[in-house]
Structures are given as structure tokens and as C-alpha cells.
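Read-outs throughout are calculated quantities, based only on the coordinates presented, and are distinct from any laboratory measurement. Everything quoted here is computed from the prediction, not taken from an experiment. So basically every Cβ, Gly included, is an ideal-geometry build from the backbone, and we count neighbours across all protein chains shown.
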Amino acid sequence: GRARRLGALAGDLATERDAERLQKAGIAARSITTGSACHLDADMVHRALHDVDWTALDFLFVENVGNLVCPAVYDLGQAANVVALSVTEGEDKPLKYPVMFRKADLVLLTKIDLLPHLDLDVAAVEAGLARVMPNPRVIRLSARSGEGVAAWLGWLEERRSRT
């Protein structure tokens, strides 16, 4: 459909690989390397915004450092919190790390194309999310097959229209 101008700030402990991959895909991206910090904070995001023309973007994604503990308690000035939960991580994560999911507006259950190869009960994942999220919303997503992509884009457009 319509082309959107995308940008990303990719948090990582030590590399710029995620930002480089995004740049190759035509997305305005900058890496925020934290050294040993397990999360981004508002000051790191603020400094990174000086290197991205974020006012020209339709969406700016902030990818926090990849864990389900530390990033949950830091406000980065975001309009929405989305948690990407891979099916390979197991069904216990919502109950094991409730703070991350409690603050989420949406959970993307990713890599669902791998489900035939895993012993994972998706209903158990969704039941766990329902226990910890005030308003549970889950989109099952596969970047490989495209399943769920239309729903994800629709959710983003809906959020964008509210701002």
C-alpha cells in the first residue's frame, strides 16, 4: 500500500549490526550502544535523535536492548510499547517477566512459522498474557510467511491516527 517513512534507534550492548541491517533495507537507523547497560534511557534516546531527522518520519521505532527485564521500567518518551516475543522463547515468559508485559500495548508473537517444529502451546502464552496485561492484545506474526503483517501495520496506522 502506501509507503511510510520509517526510522529506528537500535539499542545494543556492543554492535551496530541491527542498525546496519535496517539501513540496508532503506530505513533511517542509528545504533545506540550501551556498553554494559541492559537498557536504554531517555538521555541516550535524546542524544541519538540529534543524528536522525525524526520529524520527517511517519514512524520512529526504538528497539531497546534485547531482554525482558531492565527495559520495562524506563520511560523513553514513546507513544506505545510493543514487545516482540519469539515463539522460541517459551510459553513461560509473560508470567516470568510480568512487568515488561504489563506495560505493553501490544505483543507481537513472532516467528510463528516455526510452530510446527516446537513444543509450544500458543494458548498458554496468550493465557499468561491475559493474566499480566491490563488490556491483552496479541498479533501472531511471521516475517517469513507474512502472516500477521497486515494486522501489525493496521495496528500501527490506528495508533498513528490517534496522535
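Taking R0 as 30 Å, what's the FRET efficiency between ALA14 and ASP105 from their Cβ-Cβ distance, rounded to 0.05?
0.55
Sorted from largest down, what three extents in whole angstroms do the Cα atoms of segment 1-136 have along their principal axes?
That gives 42, 34, 28 Å along the principal axes, largest extent first.
Once every DSSP H run of n ≥ 4 in the chain is given -39500 (n - 2.57) and the sum is divided by its residues, what mean residue ellipticity at 222 nm do you get, rounded to the nearest 500 deg cm²/dmol? Please list the in-between numbers first.
Working: 6 runs with 50 residues, N = 163.
Calculated at 222 nm, the ellipticity per residue is -8500 deg cm²/dmol.
From the backbone phi of segment 28-36, what are the Karplus-calculated ³J(HN,Hα) couplings (6.51 cos²θ - 1.76 cosθ + 1.60, θ = phi - 60°) in whole Hz, Gly and Pro given as x?
5, 9, 9, 8, 10, 8, 9, x, 10
Quick query: amide H of ALA84 versus all other amide H atoms, modeled in the peptide plane; which residues come in under 5 Å with a sequence gap of 5 or more or a different chain?
So ALA84 has HN proximity to LEU108.
Find the centroid of the Cα atoms in segment 94-161 and in segment 11-40, then give the distance between the two in whole Å.
Taking the Cα centre of each part, segment 94-161 and segment 11-40 sit 23 Å apart.
What residues qualify as long-range amide H neighbours of ARG137, i.e. H under 5 Å apart, gap of 5 or more or another chain, H built at 1.01 Å from N?
VAL107
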